[in-house]
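Written out below as structure tokens is the structure these notes cover.
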Amino acid sequence: MDMLAGKVKKTSLNVDSAMNPTDVLERPIRLTARDVTVHYGAKQALHGISIDIPDRAVTAFIGPSGCGKSTFLRCINRMNDTIEGAKVGGTIKLDGEDIYAPALDVVELRARIGMVFQKPNPFPKSIYDNVAYGPRIHGLARNKADLDEIVVSSLRKAGLFEEVKDRLQEPGTGLSGGQQQRLCIARAIAVGPEVILMDEPCSALDPIATAVIEELIDELRENYTIVIVTHSMQQAARVSQRTAFFHLGNLIEQGPTEDIFTNPVNKQTQDYIMGRIG
Amino acid sequence: MATDIQTSPDKSSSERTALIRAGLRRRHLNEQIFRGLGIAAIAIALGFVALLFADVFRKGIPAFVQSNVHLSVTFDAEVIDVGPAPARGDFASDAEYTAASLKWQRDLALLNWNTIVEASLRKAAPEGFEIDSRQIQSIPETNARHQIREMFVRDPSLLGQTVEVDVLASANAANWIKGNINRDLGDAQQQLSPPARQLIDIFVENGTISNGFAWSIFTNVDSRAAPASAGLLGAFVGTLWMMLIVVVLAVPIGVAAAIYLEEFAPKSRLTDLIEVNINNLAAVPSIVFGLLGAAVFINWFHLPISAPLVGGLVLTLMTLPTIIIATRGALMGVSPALRQAALGMGASKTQMVFHHVLPVTFPSILTATILGVAHALGETAPLLLIGMKAFVASVPATPLDQAAALPVQIYLWQGNENRNFFEPRTAAAIMVLLAVMILLNGVAIYLRSRLEKRA
Ligand SMILES: Nc1ncnc2c1ncn2[C@@H]1O[C@H](COP(=O)(O)OP(=O)(O)OP(=O)(O)O)[C@@H](O)[C@H]1O
Ligand SMILES: [Mg+2]
């Protein structure tokens, strides 16, 4: 174990050496994280994560259960602030702006970085109100027509509009699991975020609903920076351009998805991808 | 993977089935015992409730019947010799007119209206029936003369006329009629004299006295001089005032405090301490709140004694912890997923609470609140300490007036020595109190199911 930990440090240090010239990292970098640590009380959950997340691409986080993927994801929109006893160290910058700077307003940050959770969690309100909620609280719609427009286009982008157009006033909790998750995506999109974080968005869904959402993620990539946590190697391979492998609170290896899956440098990454740990 | 499931591969499957079967019998037996105990517990509880209700109803229902005496009253000009009522036109100023009219009313009050009542009773009695004045006066309730005087004050043109009037029979007469008193007891043990008893029976036979629904319980205030006319109106209105104060104060303060403590307050020693104390406060005997109310509101702030305002404040203090604890429980029960969804959308904490958490907890908060108020409604002990046990024969027009309260009225009536009359009336008051409580609980259940369906 100790030996492994030493190795881990080394690989996570030379982040940039993993860069491939044809990599999406050539695109502008949206998010940069340096030496991010998280403590839950006395327990350290992340040991210095450094990663660059490129614009308009899908970055996947993979790794065994409990390795800190969700924890790191929550650092990016400061949802860890809401967890009692959680302490975050290091820096994360969105477009060069430190998101943990005291002057930064988390409300604004979360409008710029949307989140979709593992379990679909629509508000117990109508489908329309679910999507309209973000624009309403952030004051994005000038009038009712504006708001209608935002709701419809968000539902369209989430590929849900055709299915729900006749029952926009019915409760969002009455939809199927997959529809609920797309509703949550529509809700996140409605605010016009720059980054969308998704924490295992398909883990509660059947293969067909999963395929629909994967397709959707692929489309959304055109306009949004997406970070997705997934337990499915296939999913990471299908939807992401870059992949980062986490293990025991460390970022072991990161790079273009193809490289990670076909030619992993690190032994642990290999083992995980071969299904030997996890 | 599949091998993991087979826990003891050394045992054959029939052996395993036998083992499970052997255990099964014990498991079923345990279940049956537990079920039996549960049913027994419920049966005992329900039995006691049924017993209580049956007893209260058996005693209380007769009190909702009152005996009326139908009299034809002659406003005898020889008795009422105070001259005509003063008219405004005869006086130069309002002040003079008021003075004259007050004097006229005072003169009327000094007349012996009993003679008029007695005359009308004698008119209804058989020709030549021998009964003395005091004895015949014991048949109607003592407020009959006031009732007749009031009629005359309102309409002085009645002078010399004869009109039909219903007055209440006295408590003793009513008890005799309803059979609350053993008719075989000797004269010495009876409240009424033999001729009075005989005349009452005659009156019942010839229709002069008949029974009807006792509206007086709802329309009259408490009375000691005329016990048959005692009603709950004053106590009911006093209770209403207090409930109003509790709802206006305890509900917003309690809910706001719970929201702050649960959602906003930083977790620290201080908030822990506050939490422990709120829980303790909920367990403080209610009589202590009465002492506190007497010391703080009456001695310190010099609020009036026996006032619904003070009662309401004391009950507010008593209800607050209940409402705070119930509201916090409801807030705690909200799923973290909902909170995360709201925060993840960029809602501020306040928006999260007011847009999402409160709406889903509203039905539980409402129910808890109504039950808290219903609990306060039946509270008696603290009210005794702030002087609400005084005899009050008026309807409180404001929360600062002296008043009684429903549960205190029950206590007062139950404590009165004139037991043979008051017991049914006490039970009737209990029925009214229970009805109000059941109504409140019913409203809570109705609102809850309606709101939950909508959500
Ligand atoms: N709220 C919390 N309080 C305390 N410890 C936590 C909390 N959340 C996570 N942890 C701990 O931090 C570590 C990382 O957890 P995290 O949820 O980030 O893992 P994960 O990679 O998302 O796992 P999974 O794939 O199972 O979702 C774990 O050891 C977990 O026990
Ligand atoms: Mg996770």
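Accessible surface calculations at 1.4 Å, restricted to protein heavy atoms, place the protein assembly as shown at 50 Å² per residue. Projecting label points 7 angstrom from Cα along Cα→Cβ for B:Phe57 and B:Glu205 puts them 3.6 nm apart. Legend: mean number of C-beta atoms from other chains within 10 angstrom of residue C-beta atoms, peptide B:345-355, equals 6.
With a 10 Å cut-off around each Cβ of A:113-121, the average count of Cβ atoms from other chains is 4. Mean separation of Cα pairs under 8 Å and 6 or more residues apart, divided by the residue count, gives the stretch B:64-213 a relative contact order of 42 percent. Here r is the Cβ-Cβ distance between B:Lys178 and A:Ala145 and R0 is 60 Å; the resulting FRET efficiency, rounded to 0.05, is 0.20. Taking all Cα pairs closer than 8 Å and separated by 6 or more residues, the relative contact order of chain B comes to 18 percent. Projecting label points 7 angstrom from Cα along Cα→Cβ for A:Thr37 and B:Phe264 puts them 3.5 nm apart.
Can you give the net charge of the other residues whose Cβ lies under 12 Å from the Cβ of B:Gln105, counting K and R as +1 and D and E as -1? So the surrounding residues net to +2. Close amide H partners of A:Gly63, meaning residues 5 or more places away or on another chain with modelled amide H under 5 Å apart, are A:Phe246. Taking square-rooted eigenvalues a ≥ b ≥ c of the alpha carbon gyration tensor, is the stretch A:2-273 rounded, prolate or oblate, where a/c under 1.5 means rounded and, failing that, a/b exceeding b/c means prolate? Verdict is prolate for the stretch A:2-273.
Protein-only accessible surface at a 1.4 angstrom probe places the residues A:Glu108, A:Glu84 in the order A:Glu84, A:Glu108, largest first. Taking the C-alpha atoms only, the angle from helix B:358-377 to the longest principal axis of chain B is near 40 degrees. Under a model in which nothing but the beta-carbon of Lys, Arg (+1) and Asp, Glu (-1) is charged, chain A shows a dipole of about 560 debye around its Cα centre. Surface calculation, 1.4 Å probe, protein heavy atoms: B:Asp166 sits at approximately 80 Å² accessible.
Counting only other residues whose beta carbon sits under 12 Å from that of B:Asn68, what net charge do I get with K and R as +1, D and E as -1? Taking every other residue near B:Asn68 into account, the sum is -3. Over the protein assembly as shown, the fraction of Cα-Cα pairs per 10 Å bin, rounded to whole percents and listed from the shortest bin up, is 2, 10, 14, 14, 13, 12, 10, 8, 7, 5, 4, 1, 0, 0. Treating the angle as unsigned and between 0 and 90°, give the value, to the nearest 10°, between the Cα long axis of helix B:308-332 and the longest Cα principal axis of chain B. Long axis of B:308-332 versus the principal axis of chain B: about 20 degrees. Working note: 222 nm ellipticity from helices only, DSSP H runs with n ≥ 4, each -39,500 (n - 2.57), summed and divided by the residues of chain A, gives -11000 deg cm²/dmol to the nearest 500. Between helix A:127-138 and chain A there is an angle of about 70 degrees, using the helix long axis and the longest principal axis of the Cα atoms.
If the Kirkwood radius is taken over C-alpha pairs of chain B, then at 4 °C and 1.567 mPa s the Stokes-Einstein diffusion coefficient equals 47 µm²/s. Bridgeable lysines around A:Lys165 (alpha carbons under 30 Å apart, same-chain partners fewer than 8 residues away excluded): A:Lys119, A:Lys125, A:Lys144, A:Lys157, B:Lys453.
When a 1.4 Å probe is rolled over the protein heavy atoms, the share of accessible surface on chain A that falls to carbon and sulfur comes to 51 percent. Modelled this way, with points 7 Å down the Cα-to-C-beta line, the labels at B:Leu233 and A:Lys267 are 9.6 nm from one another. On association of chains B and A, roughly 1500 Å² of accessible area becomes buried (total for both chains; probe 1.4 Å). In the context of the full protein assembly, A:Glu222 retains an accessible surface of approximately 120 Å², using a probe radius of 1.4 Å and ignoring ligands and nucleic acids.
Once the Cα-Cα distance is subtracted from the 0.36 nm per residue extended length, the B:Lys453 to B:Val49 segment shows a gain of 142.4 nm.
Measuring with a 1.4 angstrom probe and ignoring ligands and nucleic acids, B:Asp90 comes out at about 120 Å² accessible. A full extension of the chain between B:Ser348 and B:Leu439 corresponds to an added length of 28.8 nm, given 0.36 nm per residue minus the alpha carbon distance. Dividing the summed helix terms, -39500 (n - 2.57) for each DSSP H run of n ≥ 4, by the number of residues in chain B produces a 222 nm estimate of -20000 deg cm²/dmol to the nearest 500. Only Lys, Arg, Asp and Glu carry charge here, each on its Cβ (+1 for the first two, -1 for the last two); on that basis the stretch B:233-454 has a dipole of about 500 debye about its Cα centre.
The C-alpha radius of gyration of the stretch A:193-278, expressed as a fraction of 2.2 N^0.38 Å, stands at 1.11.
Each peptide in A:46-52, A:233-239 was scored by the mean count of other Cβ atoms within 10 Å over its residues; highest first, the order is A:46-52, A:233-239. Shielding value for B:336-343 is 6, the average number of Cβ atoms from other chains within 10 Å of each residue's Cβ. For a straight C-alpha distance cut-off of 21 angstrom, the lysines reachable from A:Lys93 (same-chain residues fewer than eight places away being disregarded) are A:Lys69. Net charge in the neighbourhood of A:Asn77 (other residues with Cβ under 9 Å of its Cβ; Lys, Arg +1, Asp, Glu -1) is +4. What residues from the stretch B:392-410 fall in the zone where the backbone N is under 15 Å from a label point 7 Å along the Cα-to-C-beta line of B:Val248? In the stretch B:392-410, the label zone of B:Val248 (backbone N under 15 Å from the point 7 Å along Cα→Cβ) covers B:397-401. Under a model in which nothing but the beta-carbon of Lys, Arg (+1) and Asp, Glu (-1) is charged, the stretch A:111-199 shows a dipole of about 140 debye around its Cα centre.
Given the stretch B:83-183 reduced to its alpha-carbon atoms as identical point scatterers, what log10 I(q)/I(0) does the Debye formula return at q = 0.13, 0.15, 0.16 Å⁻¹? So the normalised log intensities are -0.60, -0.74, -0.80.
The values are calculated or read from the model by the stated rules, or taken from the named source; none is laboratory data. Quantities reported herein were computed from a predicted structural model and do not represent experimental measurements. Ideal geometry is used to build each Cβ from the backbone, glycine not excepted, and the neighbour counts take in all protein chains shown. Ligands, DNA and RNA are stripped out before the accessible areas are found, and what is left, the full protein with its side chains, is counted by its heavy atoms. Shrake-Rupley method; radii C 1.70, N 1.55, O 1.52, S 1.80 Å.
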